[in-house]
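Here is the structure we will look at.
What follows is calculated from the coordinates using simple rules that are stated; it is not laboratory data. Just so it is clear, the model here is predicted, and its values are computed rather than measured. Methodologically, a virtual Cβ is constructed for each residue, glycine included, from the backbone with ideal geometry; neighbour enumeration extends over all protein chains shown.
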Ligand SMILES: [Fe+2]
């Protein structure tokens, strides 16, 4: 049973939905991806018994983690072959764009923008776009990074053959130094006991749907 959403943050659901509709128009696969990551994040937070209000903020950040792709040319996102180095630079700006989009709207807590900005940062400081040292990374950023990586590795995209869950976890285990050690161990326990998650269609699932 999911705890009720905090009333202070009810007003964030419709702006979130509106942003996701824009993302769907820009890139349908990006929308599917964000929903998959949010679903995995919500379930992991439930597994961790994360305090409800914090879980809501992190799940909203997971839903919007790639919203910065709105400012990356769809031609780059949908390119069927490997992208050029200059296109990679443009792509790697999407966490910064995402934080800026939320800031310009003036509706979302700063913490959500920070988690979006940090979702590709890594524990050893090798991530992007800012190579943030691990001690400055938010708890929610570590969670989203884990879930995003696990989900992304399994997705079949225009440029990637999807891995099985076992192959994805094997790959992550070989690169465990990139993740928060305690959360990595917790994620290991989590994914090996939970296989099936419900389908998400609207952010209102945060109000207490089945997980
Ligand atoms: Fe991303």
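Quick look at the values:
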read-out	value
Which of 71, 159, 39 has the fewest Cβ neighbours within 10 Å, and the rest in rising order	159, 71, 39
Zero-based 5 Å bins, Cα pair distances in segment 9-207, whole percents	1, 7, 16, 21, 23, 17, 11, 3, 0
Kirkwood-type radius of segment 86-181, with distances r between different C-alpha atoms, in Å	14.3 Å
Approximate spin-label separation residue 182-residue 73, in nm, with each point projected 7 Å along Cα-to-Cβ	4.5 nm
Computed [θ] at 222 nm, deg cm²/dmol, the chain (DSSP H ≥ 4; -39,500 (n - 2.57); rounded to nearest 500)	-16500 deg cm²/dmol
Debye equation applied to the C-alpha atoms of segment 38-132, log10 I(q)/I(0) at 0.13, 0.15, 0.23, 0.25 Å⁻¹	-0.50, -0.66, -1.17, -1.24
Residue 82-residue 96 pseudo-label distance in nm [points 7 Å out on the Cα-to-Cβ vector]	2.5 nm
Ranked by how many other beta carbons lie within 10 Å on average, peptides 127-136, 54-63, 143-152 from highest	54-63, 143-152, 127-136
